[in-house]
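Trainee: Take a look at this one; I'll ask things after.
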Amino acid sequence: MRPLSPRAAALVATLHARAALRERWLGRTDDRLAALAALRDEATPALVPELLPLVFGERGAVRDAAVALVARALAAATPDALLWLDPACRGAGWWPPDAQTGGWRGLTPTDVVQLDVPRADAVPVLGVVGFHPFGHVREAAVAQLDRVADPASAVAADGRELPFLLIRRNDWVDAVAARAAATLERRVTPGLATAWLAWLPLLRRLGAHTRRDAGALADRVLAMLRAPAQHPTLLARLTAGDRDTRRTCARLLAEADPTPATAAAFVSAALRDPDPVVRREAVTGARRHLAVDALTAMLPTALADPYPPMRRDALVAAAERLGERATPWLMAGLLDSGRSVREVAQAEVARRGVLTDVAGHYRGALAAATTPAHLAVAAAGVGETGRAADAPALLPLLAHERPAVRRAAARALGRLDAAGNGATLLRLLHDPSRAVTRAVRDALRMHAVRPDADALAHVLHGDAPTHGQLDALGLADALSKWDRLAVLLDALGSGEARVRDDARGRIAAWLARPNASFAQPAAAQLTALRGLLGRRASALPPTVASELGAVLDYWVR
């Protein structure tokens, strides 16, 4: 929740000071009205608790301006903001006691019924009353919300009351929760479909993981929204809503049973959406609802998408729906830059018998590659499908000018023969690319290769970049207990502050788990460790250096 800006906080302080001195100012309201007018540009949900003294403890123009400001602050409130406001308003002014909040604290159900605010501002103000600490006041607020925003009347059926009712449906007082639940049930109507779309994220938040199970209500709302009559609304909000609303509309249309025209319109619109989640729903909908020819027509767009999971889903749809016509797409997928896409293609061509030697296909692609991108993909494919004998073909790529090729080759070597190429991979920790050194670290970790402690020390004191030294420290976790401590102490002599800080943190973690291993240090290890500690003690907090010294002295004795 974004806090008040410094300007807004200053205006609120002025506003409260004026309210406290109203008798001294002989009833003058000009200053408070000016402050309220200035706060219009700062109207965020965080302002609402500060306005409670004026809305429920003042009269006349000041109260009217505060009411309008509350409505403005809540006009674009998000689910997170409303969930923050509930406890914030409930606890406003209760400890320590504050005379400014007397009107809010003393609110009664009768006051709620007699609340006199403009009809346009009634829903947000009653919604705030629903955040009151007293259950009978919250119940009265729910009843008034039901009356003021009655979907059966022609007055106001825009659904602005839904988020406040949803929050109260999760109330810890049974009577309040039951009344809010009954009120919501009457509002699961097509006329409020757009409002339900906007507040579905809040309904999900207040679902099975909170005190009141909202599963049945959610099912009714979703069934209403999936109905054919709501498809035009879903299509309209798919192109005009915010991100969460567009995602919801796309998911509902993908799950529904739309007409061919609606399905085509949905897929076409969703494929152009900037959000990859919406685009993936387009592929899901196309896979379920489009005819084969229409699906074939949309595949080039989906398979050219920059988001790998999108391309993977499109390839799965092609394999599932197109039969032999999917073969060209599957063959192209073998050389996709996304690993998950390649895995689908590899499995499908092998299952269909299109290729009997997938690894041979990648070896041929590696030999024929003419661009860095093709080299990187071919190297990755060899690593995924080849064997240890393919490792020599990858070694020259470790010196390629492009980091993407070096990274792919390092990963492939780790997959094929990490133990046999451990020394070669460790030398790559000197690589200027962070992506390459991270690939080396992950490859050696994944295949449980224990690095050589001297090689790690060479990285820490050689010309390796900072990211390479940090990855070397990460690999030290695979060493034995005492070798790891030696590397960490040695790293305190690094010329890089980030490396020294990381080493200090790892030494503290080493000390915090003294019995993670019961291995006894050799005499030579103890001698080396005591010498390292003597040289590096000044780089450690005194308490840590003293504790380490005590540990080593224990083993000497």
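The values are calculated or read from the model by the stated rules, or taken from the named source; none is laboratory data. As the structure is a prediction and not an experimental result, all values here were calculated from the model. A quick note on method: Cβ atoms are made from the backbone with ideal geometry, for glycine too, and the neighbour counts reach across all protein chains shown. With ligands, DNA and RNA removed, areas are computed over all heavy atoms of the protein, side chains included. Shrake-Rupley method; radii C 1.70, N 1.55, O 1.52, S 1.80 Å.
Trainee: LEU334 passes all but one of (1) without any contact (Cβ under 8 Å) to a residue 40 or more places away in the chain; (2) in contact with a Gly (Cβ under 8 Å, 6 or more places away or on another chain); which number fails?
Mentor: Every listed condition holds for LEU334 apart from (1).
Trainee: Under the condition of being open to solvent by less than 10 Å² (accessible area, probe 1.4 Å) and either of a type in the set (Gly, Ala, Ser) or within 20 Å of PRO521 (Cα to Cα) (or both), which residue from the stretch 465-478 is nearest to the chain's Cα centre (by Cα)?
Mentor: Top of the filtered list is GLY474.
Trainee: For the stretch 179-191, what are the residues that are closer than 19 Å to GLY215 by Cβ and crowded, with 16+ Cβ neighbours inside 10 Å?
Mentor: Of everything in the stretch 179-191, those that are closer than 19 Å to GLY215 by Cβ and crowded, with 16+ Cβ neighbours inside 10 Å turn out to be ALA180, ALA181, THR183, LEU184, ARG187, VAL188.
Trainee: Only residues that are open to solvent by 30 Å² or more (accessible area, probe 1.4 Å) and modelled with pLDDT of 90 or more: list them for the stretch 244-256, please.
Mentor: Once the filter is applied, which keeps residues that are open to solvent by 30 Å² or more (accessible area, probe 1.4 Å) and modelled with pLDDT of 90 or more, the stretch 244-256 yields ARG246, ARG247, ARG251, GLU255.
Trainee: While we're here: Is it the case that the stretch 463-475 has a residue that's of a type in the set (S, T, N, Q) and in contact with a helix residue (DSSP H, G or I) (Cβ under 7 Å, 6 or more places away or on another chain)?
Mentor: Yes, the conditions are met somewhere in the stretch 463-475.
Trainee: Give the residue, chosen from LEU234, LEU165, that is of a type outside the set (Asp, Glu), under 22 Å from PRO124 (Cα atoms) and assigned to a helix (DSSP H, G or I).
Mentor: It is LEU165.
Trainee: Among the candidates ASP244, ASP219, ASP174, ASP257, which residue alone is acidic (Asp, Glu), under 20 Å from LEU126 (Cα atoms) and out of contact with any Cys (no Cβ under 9 Å at 6 or more places or on another chain)?
Mentor: ASP174
Trainee: Here's a follow-up. Looking at (1) part of a helix (DSSP H, G or I); (2) in contact (Cβ under 8 Å) with a residue 24 or more places away in the chain; (3) out of contact with any Phe, Trp or Tyr (no Cβ under 8 Å at 6 or more places or on another chain), which is the only condition PRO392 fails?
Mentor: Checking PRO392 against (1) part of a helix (DSSP H, G or I); (2) in contact (Cβ under 8 Å) with a residue 24 or more places away in the chain; (3) out of contact with any Phe, Trp or Tyr (no Cβ under 8 Å at 6 or more places or on another chain), the one that fails is (2).
Matching residues to (1) more than 35 Å from the chain's Cα centre (by Cα); (2) part of a helix (DSSP H, G or I):
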{"site": "VAL112", "(1), (2)": "yes, yes"}
{"site": "VAL117", "(1), (2)": "yes, no"}
{"site": "VAL123", "(1), (2)": "no, yes"}
{"site": "HIS132", "(1), (2)": "no, no"}
{"site": "HIS136", "(1), (2)": "yes, yes"}
{"site": "ALA141", "(1), (2)": "no, yes"}
{"site": "GLN144", "(1), (2)": "yes, yes"}
{"site": "ARG147", "(1), (2)": "yes, yes"}
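Trainee: In the list GLY381, GLY353, GLY364, GLY333, which residue meets the criterion of being at pLDDT below 95 and not aliphatic (A, V, I, L, M)?
Mentor: Among GLY381, GLY353, GLY364, GLY333, only GLY353 is at pLDDT below 95 and not aliphatic (A, V, I, L, M).
Trainee: Could you list, in sequence order, the residues of the stretch 483-509 that are surrounded by 20 or more Cβ atoms within 10 Å (Cβ to Cβ) and not in a loop (DSSP other than H, G, I, E, B)?
Mentor: Within the stretch 483-509, ASP483, ARG484, LEU485, ALA486, VAL487, LEU488, LEU489, ASP490, ALA491, VAL499, ALA503, ILE507 meet the criteria.
Trainee: For the stretch 244-263, name all the residues that are assigned to a helix (DSSP H, G or I) and over 21 Å from LEU200 (Cα atoms).
Mentor: PRO260, ALA261, THR262, ALA263
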